[in-house]
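Step one of this worksheet: look at the structure below.
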Amino acid sequence: MLIVANWKAYVDDFAKAKKLFALAKRLSSSHASIVLAPPAPLLGALAAGNKSKVAFAAQDVSRASGGAHTGEVSARSYATVGATYAIVGHSERRTAGDTDTIVAEKLAMALTHGLTPILCIGETERDGEGKYLSVVREELTLALTPLTHKERTKVIIAYEPLWAIGKTASAAIGPNDLSEMVLYIHKVLAELLPGKNSARALVLYGGSVEPDNAKALIENSGINGFLVGHASVEPDAFSLLAKQLVR
Ligand code: PGA
């Protein structure tokens, strides 16, 4: 089980960041691995000298490898301070202008610098005709096709339907719909990954994961973990959520 805590810009003071890191250390176990995705400066400060089982993810990486790009943070600089994962293509970055081409460039950049990419995909709305399936297929295909076969096997997929992000457990996807989508994602991956690698690919779910729905989603859908937003910065909720995943 992988729990990726996407702090977004919710956490902006170091004292709170340190508390959440200490909690993550207590909660991580041999059953559930916790990956924290703090804002860049906080990631740098927390990851320095980190010897715990908790890992760190960039919330995004620059498509540029460095140079004259004020405000951008390169994949290499994340790697150098101890990040080992990178979220790429989060819907909030896509809304801010990341196209599928940019997402593909960022994926390649993360891989070049040894970061395991967590590729976010997901439809804006659920229509009655199943168009949401083609949205997911297209996002996956456009992101993975430029990569080599070996690189494609390293990408973790986070299915995050936009309509379910930032709501509450009751507005999130249910286990049946999620399990259908997880099967579909593996089917598309079978066309994109070499050999039998699609069966080994990790698929996470994100979008209003809270203590109230975590257990049902994990037990009945075939996912390998969660990308958690708002509930990951509330210590009580995060703790309840993580404890439910330890089997
Ligand atoms: P949420 O965010 O858990 O607050 O819905 C998830 C995400 O956007 O990664």
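Filter the range 196-243 down to the residues that are free of Cβ contacts under 8 Å to residues at least 24 places away in the same chain and of a type outside the set (A, V, I, L, M, F, W, C), then identify the one that is farthest from Tyr10 (Cα to Cα).
Lys196
Could you pull out the residue among Val182, Val188, Val155, Val228 that is at pLDDT 95 or above and either open to solvent by 30 Å² or more (accessible area, probe 1.4 Å) or within 15 Å of the ligand (Cβ to nearest atom) (or both)?
After ruling out the rest, the residue left standing is Val228.
Answer yes or no as to whether Val246 is more than 16 Å from the ligand (Cβ to nearest atom), touching a residue at least 60 places away in the same chain (Cβ under 8 Å) and over 27 Å from Asp12 (Cβ atoms).
So Val246 passes the test.
Collect the residues in the range 81-97 that are surrounded by fewer than 21 Cβ atoms within 10 Å (Cβ to Cβ), away from the ligand (no atom under 13 Å from the Cβ) and closer than 23 Å to Leu2 by Cβ, keeping them in residue-number order.
Val81, Gly82, Thr84
Looking only at the range 202-213, how many residues end up being more than 11 Å from the ligand (Cβ to nearest atom) and touching a strand residue (DSSP E or B) at 6+ places or on another chain (Cβ under 7 Å)?
Qualifying residue count, the range 202-213: 2.
What pairs come out if I take residues in the range 5-21 that are in contact (Cβ under 8 Å) with a residue 24 or more places away in the chain and pair them with residues that are within 12 Å of the ligand (Cβ to nearest atom) and charged (D, E, K, R) whose C-beta lies under 8 Å away, six or more apart or interchain?
Within 8 Å, the pairs are Lys8/Glu92.
Test each condition in (1) within 26 Å of Pro211 (Cβ to Cβ); (2) crowded, with 20+ Cβ neighbours inside 10 Å; (3) not hydroxyl-bearing (Ser, Thr, Tyr) for Leu144 and report the one that comes out false.
(1)
Is it true that Ser91 is under 29 Å from Val246 (Cβ atoms) and in contact with an Asp or Glu (Cβ under 8 Å, 6 or more places away or on another chain)?
yes
The values are calculated or read from the model by the stated rules, or taken from the named source; none is laboratory data. Because the structure is a prediction, the values reported are computed rather than measured. No Cβ is skipped: glycine too gets one built from the backbone with ideal geometry, and neighbour counts run over all protein chains shown. For the accessible areas, the whole protein counts, side chains as well, though only heavy atoms, and no ligand, DNA or RNA atoms are used. Shrake-Rupley method; radii C 1.70, N 1.55, O 1.52, S 1.80 Å.
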